[in-house]
1. So if I check each of 399, 360, 389, which one is surrounded by 18 or more Cβ atoms within 10 Å (Cβ to Cβ), on the phi > 0 side of the Ramachandran plot and touching a helix residue (DSSP H, G or I) at 6+ places or on another chain (Cβ under 6 Å)?
2. Across the stretch 329-369, what is the total count of residues that are without any contact (Cβ under 8 Å) to a residue 40 or more places away in the chain and farther than 23 Å from residue 308 by Cβ?
3. If residue 50 satisfies every condition in (1) at pLDDT below 95; (2) aliphatic (A, V, I, L, M); (3) not in a loop (DSSP other than H, G, I, E, B) but one, which is the exception?
4. Check residue 130 against each of (1) surrounded by fewer than 19 Cβ atoms within 10 Å (Cβ to Cβ); (2) farther than 30 Å from residue 327 by Cα; (3) in contact with a strand residue (DSSP E or B) (Cβ under 8 Å, 6 or more places away or on another chain) and name the one condition it does not meet.
5. Please give the helices (runs of 4 or more DSSP H) falling wholly within the stretch 288-384 in which 1 or more residues are under 28 Å from residue 155 (Cα atoms).
6. Within the stretch 169-176, is even one residue over 18 Å from residue 351 (Cβ atoms), of a type outside the set (Val, Ile, Thr) and not in a loop (DSSP other than H, G, I, E, B)?
7. Quickly run through the stretch 94-111 and pick out the residues that are modelled with pLDDT of 95 or more and not acidic (Asp, Glu).
Amino acid sequence: MAYREINKENAGEYVKSVSDFFAPDANLSIYEMGESEEDGDGYINFVYRIYDEDGNSLILKQARENPRNPTAKGLPIQQTRNLIEAEIMKIKHAIVPDYIPEVYYIDEENHLYLCEDCKDLKVLRMELIKGKTFPKFAKQIGEFIAKTNFYTSEIYMDPVQHRRLQEHFMNSKMRQVFEVLLFLDTQYTHRDVKNSPVYSPEREAMGEAVWNDKAVQTELLKMRHLHMKKSECLVHGDLHTSNVLIDDENMKIIDQEYTYMGLASCDTGYLVGSILYEYIRWGYVDDFDEEKREELSRYAFDTIHDLIETYIEVYKECWEKDAKDMYRDYEGYRESLMRDFIQEVTGSAGAQILSRIGTLGQLPDVDTIEDDQMRFDCCRVCLMMARQLILNWENVQTLEEMMDLIENSTKAAKLITTAAAEV
């Protein structure tokens, strides 16, 4: 079967030809993800929900040579990314089945797979923007990251098996995307910024001010060095709030095409950066009264604390239960890993924010702020706080120190921004 691109017109016929998920005479409907603003942050590629009149449905995801979003073109992505994603979903589903959609079918030739449709769940980013909260999320995501990190690490695995995973999930081109976007001010990070849908001279100047800070660049290079040399466990690689599907009881993690054997702190740092947008955003919108907005901001702050606290607790439980004998009784070594983890999360959270706001990437958390001045002020506070996280990541020793740095640097940035506006 020769390669062909799947679209809304042929997706139903294709699925029937390779799977018996639907009845042969089923009347299928096709919805292409991304048609609604509720679907994500503007970077969804070729994903289709296929469903029949009885409510049965599945997801088809295909990788093409070029991404749909024009601002992502030119990045070193590869079509085989979907096959890697399907494989990692199977591995992680075996570790944490409650948190990963089930994969039904993989088609290597057409760079696609079929999987469970989590249609009753919503995109976390869009729900947070609406002012919704999820009390179970912090513990769910902390457990997910801790268990998938631990059980794909050499702390648990046979060293030969671990090396084989490392070789198989090198995912060099997709990994390079983040090695560039997160840490380097290059053609990739500032490609055609004036063509960005959210371009403004003010935002460009804000981003350049941080990118051009040599002290910031130095710390980013140090973090990039760690990112490139450490291969501790299988990471998601792109874990942010648009890749979390959720309701009050359930959570599923999607979009794992960037997965590779990497830094244990990678996913938590990237996710923390994503949640920090919500922490700051609520000071610059008028969707609710002041008390409600402060509550939502505090929820985001507490979520960051609780997910890392849960991570440490669950990781410790896994260690005590399943670590190899050579590691199990060495609590001092485990504590040093946790200290490194918190430091790296601090720095990479700042890098995540700089990589999106500092490059004029689309970001609904900020872009939905209607008032221009409020939106610019929010961006400025995000960037100033991110700068402090990047500059001070190696000084952080504990979770409480990380949270204090976030809170204090945000307060200082707001004061400076307010004072500047009054001049």
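The values are calculated or read from the model by the stated rules, or taken from the named source; none is laboratory data. Predicted model only: the values in this text are computed from it and were never measured. Because the Cβ atoms are built from the backbone with ideal geometry, glycine has one as well, and the counts that use them run over all protein chains shown.
1. None of the others qualify; the one that does is 360.
2. So the count comes out to 1.
3. (1)
4. Every condition holds for residue 130 apart from (3).
5. Ranges flagged: 290-322, 325-328, 331-357.
6. yes
7. Those that are modelled with pLDDT of 95 or more and not acidic (Asp, Glu): 94, 95, 96, 97, 99, 100, 101, 103, 104, 105, 106.
Yes/no matrix, rows are residues, columns are (1) closer than 22 Å to residue 242 by Cβ; (2) buried (at least 17 other Cβ atoms within 10 Å of the Cβ); (3) of a type in the set (A, V, I, L, M):
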position	(1), (2), (3)
276	yes, yes, yes
284	yes, yes, no
287	yes, no, no
294	no, no, no
310	yes, yes, no
318	no, yes, no
